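The values are calculated or read from the model by the stated rules, or taken from the named source; none is laboratory data. Just so you know, these numbers come straight off a predicted model, no measurement behind them. Neighbour counts are summed over all protein chains in view; Cβ atoms, including those assigned to glycine, are modelled from backbone coordinates with ideal geometry. Quick note on the areas: whole protein, heavy atoms, side chains included, nothing else; ligands and nucleic acids left out. Shrake-Rupley method; radii C 1.70, N 1.55, O 1.52, S 1.80 Å.
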Amino acid sequence: MRAVVLGDAPWSLRVAADWPEPELGSGQVLVGVRGVGICGSDLALISQARRAPSYPWVLGHEAFGQVVAVGDGVDPSRVGQRVVIEPNYPCLRCPACQAGLTSMCPDRVLVGFTAPGLLAEYAAVPSDYAWPVPEHWTDGDAVCAEPLTVALAAIRRSGMTAGSRCLVVGAGSQGGLLCLALAARGVIPHVLEPNEGRLQLAVSLGAKAAGPDDQGFQTIFETSGAEAALGEAISRAAPGASVVLIGLGGQATRTDTRKVVTRQLTLRGSLIYDHPDDFAATLASAVPAPERILRAGYPLDEAPEAFRAARQVPGKTWIRV
């Protein structure tokens, strides 16, 4: 089968024509992959800011497709289902999993990072992590399911209430999806983003550009992981506000703890999502047309060009398999 693989050098991408097809195990479904989204964490792997366990390495974790075969113990009627893949497999036994915090599982399998990725013609997936796609969803909506789940989980964890004054710091694809999800809940988020293309995309998704004097936000989502962005988030927070940190920075960050203490702010990290409730909630949500975050699509044979373009394109880039 064809697969997009990374060699042991930064940006050493190629489309392999003869990659081994996956073996279908008990309790698994074989998915004919139809599309894969590109994430900032993929770019970190490609640039070797983050290392793969071995090389060559199959990339990709934001995928959807169609079930083409089932393993032992799986309902045969699933063949033909259009599915999105939840690419994090927790152990479901540890204290974190038992507490419902599967995102904190120390033995969690991260597809594309600790296990080979999904940017290939076929993928074998545990059946419980291949979710049927809503009938009204387009392929573009389906390829956005995983990052949309990250956004919706962050909103859930924030504890925000209807009418809360909200700020999104950073309007990359994750920030854009947050704006879209918040707007679907009747919240008009303000957004801070220095890139004009990303800012205009966020506005088109329901946000409002934050001005220099906009302050007093009760709920703030910081999506970039940059030190300056965190400082901006804290400086614009209302007394008692919740600041949710989604972006993963590459280094330690200094924080003005005096402002945090005197304003009695709550800083909370939000890492991916928890199985199974968050993915189920996304697929049942009323967020309209998540595909609006997509701005570029490439065929599989042009995957190396797609990853390079993703560094510059406002919004999200995806690859059609």
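Residues are listed down the side, and each one gets a yes or a no for (1) touching a helix residue (DSSP H, G or I) at 6+ places or on another chain (Cβ under 7 Å); (2) crowded, with 20+ Cβ neighbours inside 10 Å; (3) over 20 Å from Arg198 (Cα atoms):
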position	(1), (2), (3)
Ile220	yes, yes, no
Glu227	no, no, no
Leu230	no, yes, no
Arg254	yes, no, yes
Gln264	no, no, yes
Tyr273	yes, yes, yes
Phe279	yes, yes, yes
Thr282	yes, yes, yes
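Among residues of the stretch 95-114 that are under 15 Å from Asp277 (Cβ atoms) and in contact (Cβ under 8 Å) with a residue 12 or more places away in the chain, those with a beta-carbon under 6 Å from a residue that is open to solvent by less than 80 Å² (accessible area, probe 1.4 Å) and of a type in the set (Gly, Ala, Ser) at least six positions away or on a different chain give the pairs Met104/Ala96; Cys105/Ala96. Of the numbered criteria (1) under 21 Å from Gly140 (Cβ atoms); (2) open to solvent by less than 60 Å² (accessible area, probe 1.4 Å); (3) aliphatic (A, V, I, L, M); (4) assigned to a loop (DSSP other than H, G, I, E, B), the one Ala286 fails is (2).
For the stretch 1-103, the strands (runs of 3 or more DSSP E) that sit wholly inside it and include 2 or more residues that are open to solvent by less than 50 Å² (accessible area, probe 1.4 Å), under 28 Å from Arg292 (Cβ atoms) and at pLDDT 95 or above are 28-37, 62-70, 82-85.
Among the conditions (1) at pLDDT 95 or above; (2) open to solvent by 20 Å² or more (accessible area, probe 1.4 Å); (3) within 27 Å of Pro288 (Cα to Cα), Pro239 misses just one, which is (3).
Of all the residues in the stretch 293-317, those that are crowded, with 20+ Cβ neighbours inside 10 Å and either over 25 Å from Leu182 (Cα atoms) or in contact with a Leu (Cβ under 6 Å, 6 or more places away or on another chain) (or both) number 7.
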